[in-house]
1. Just to be sure I understand the filter: pairs with C-beta atoms under 7 Å, separated by 6 or more residues or on different chains, first member in segment 184-201 and under 19 Å from F125 (Cα atoms) and open to solvent by less than 20 Å² (accessible area, probe 1.4 Å), second member not charged (D, E, K, R) and not in a strand (DSSP E or B). Which pairs pass?
2. Kindly provide the set of residues from segment 135-157 that are open to solvent by less than 40 Å² (accessible area, probe 1.4 Å) and either touching a Ser or Thr at 6+ places or on another chain (Cβ under 7 Å) or of a type in the set (F, W, Y) (or both), ordered by number.
3. If only one of L160, L129 is farther than 15 Å from N59 by Cα, of a type outside the set (D, E, K, R) and open to solvent by 30 Å² or more (accessible area, probe 1.4 Å), which one is it?
4. Scan segment 76-87 and give yes if some residue there is in a loop (DSSP other than H, G, I, E, B), touching a strand residue (DSSP E or B) at 6+ places or on another chain (Cβ under 7 Å) and within 26 Å of S186 (Cβ to Cβ), otherwise no.
5. Against the condition in contact with a strand residue (DSSP E or B) (Cβ under 9 Å, 6 or more places away or on another chain), part of a loop (DSSP other than H, G, I, E, B) and without any contact (Cβ under 8 Å) to a residue 12 or more places away in the chain, how does N164 come out, does it pass?
6. Give me the residue from segment 167-183 that is among the β-branched types (V, I, T) and touching a residue at least 40 places away in the same chain (Cβ under 8 Å) and, out of that set, least open to solvent (accessible area, probe 1.4 Å).
7. Just give me the residues in segment 23-75 being of a type in the set (V, I, T), without any contact (Cβ under 8 Å) to a residue 24 or more places away in the chain and either in a helix (DSSP H, G or I) or within 18 Å of V9 (Cβ to Cβ) (or both), in sequence order.
8. I'm trying to understand the selection: among the residues of segment 100-115, which are open to solvent by less than 40 Å² (accessible area, probe 1.4 Å) and assigned to a strand (DSSP E or B)?
Amino acid sequence: MVTWTGDGVTGRNIPHSMGKTPEMMWVKRRSNTEDWTVYHYGQNGGTNPEQYRLRLNENYMNYTGTSYWNNTAPTSTHFTVGADGTVNNSGDTFIGMLFASVDGISKCGYYDGTGSVGHVITTGFTPRLLIIKTTTGSNSWFMYDSLRGLGAGNDPYLQLENTNVQAGGDTFAISSTGFTINQTYSSVNASGQKYIYYAHA
């Protein structure tokens with residue numbers, strides 16, 4: 001977690017103390033109304049992800065623009081913001097939530113949808129929390145967890161960007177090394193679509 005006050009200067013470096021490079025970042029302007037701006041290293045299939053952003057409060061697909069991360073990938077000591085009001089408006093206060101993969105604990109990843117049942121995703125541990133978003137389609141941020149039944153045959157989900165009630169479907173099989181997608185829903189596994197995810201043990 002990091003906080004800063006915006007100065008409106010393009011190319012501003014925001015230091016962090018993770019000790020490794022953030023693979024996903026959620027940034028929110030605290031002192032004014034604004035979208036949640038999301039960076040994930042899997043955006044655009046992992047090619048130049050610093051040129052894209054998603055919105056945590058919207059179901060939009062990848063949005064291209066260099067004013068968010070200044071076309072600069074994050075490092076193990078800092079990340080860079082542009083002058084866009086969602087990340088660095090002068091005089092406003094911001095919070096950044098940073099995520100990275102840790103062996104056996106967490107995994108930021110991405111994959112291509114196959115449109116076929118049995119698509120295996122390897123995390124290296126048994127996931128108890130899953131957040132999945134397609135970056136090439138206007139689907140919701142889908143969140144699953146083991147307390148509500150992830151892997152138990154119904155897989156209830158919540159959608160981060162809206163107020164809908166919980167729904168579910170038999171979507172995943174969970175293993176000691178990751179998860180298998182047993183549906184071809186556009187939300188998780190449509191052919192030709194690209195997806196990002198965050199998994200936690």
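The values are calculated or read from the model by the stated rules, or taken from the named source; none is laboratory data. Quick caveat, the model's predicted, so the values are computed rather than measured. Cβ: placed from backbone, ideal geometry, glycine included. Neighbour counts: every protein chain shown. To get the accessible areas, we keep the full protein, side chains included, count just its heavy atoms, and leave off ligands, DNA and RNA. Shrake-Rupley method; radii C 1.70, N 1.55, O 1.52, S 1.80 Å.
1. Close Cβ pairs (under 7 Å, with a partner that is not charged (D, E, K, R) and not in a strand (DSSP E or B)) amount to I196/G42; I196/Q43; I196/T135; A199/T123; A199/P127.
2. G137, N139, S140, W141, F142, Y144, D155
3. Being farther than 15 Å from N59 by Cα, of a type outside the set (D, E, K, R) and open to solvent by 30 Å² or more (accessible area, probe 1.4 Å) holds for just one of L160, L129, which is L129.
4. Checking segment 76-87: not a single residue is in a loop (DSSP other than H, G, I, E, B), touching a strand residue (DSSP E or B) at 6+ places or on another chain (Cβ under 7 Å) and within 26 Å of S186 (Cβ to Cβ).
5. When the stated conditions are applied, N164 passes them.
6. Filtering segment 167-183 for residues that are among the β-branched types (V, I, T) and touching a residue at least 40 places away in the same chain (Cβ under 8 Å), the one least open to solvent (accessible area, probe 1.4 Å) comes out as I181.
7. Result: T66, single match.
8. Those that are open to solvent by less than 40 Å² (accessible area, probe 1.4 Å) and assigned to a strand (DSSP E or B): S106, C108, G109, Y111.
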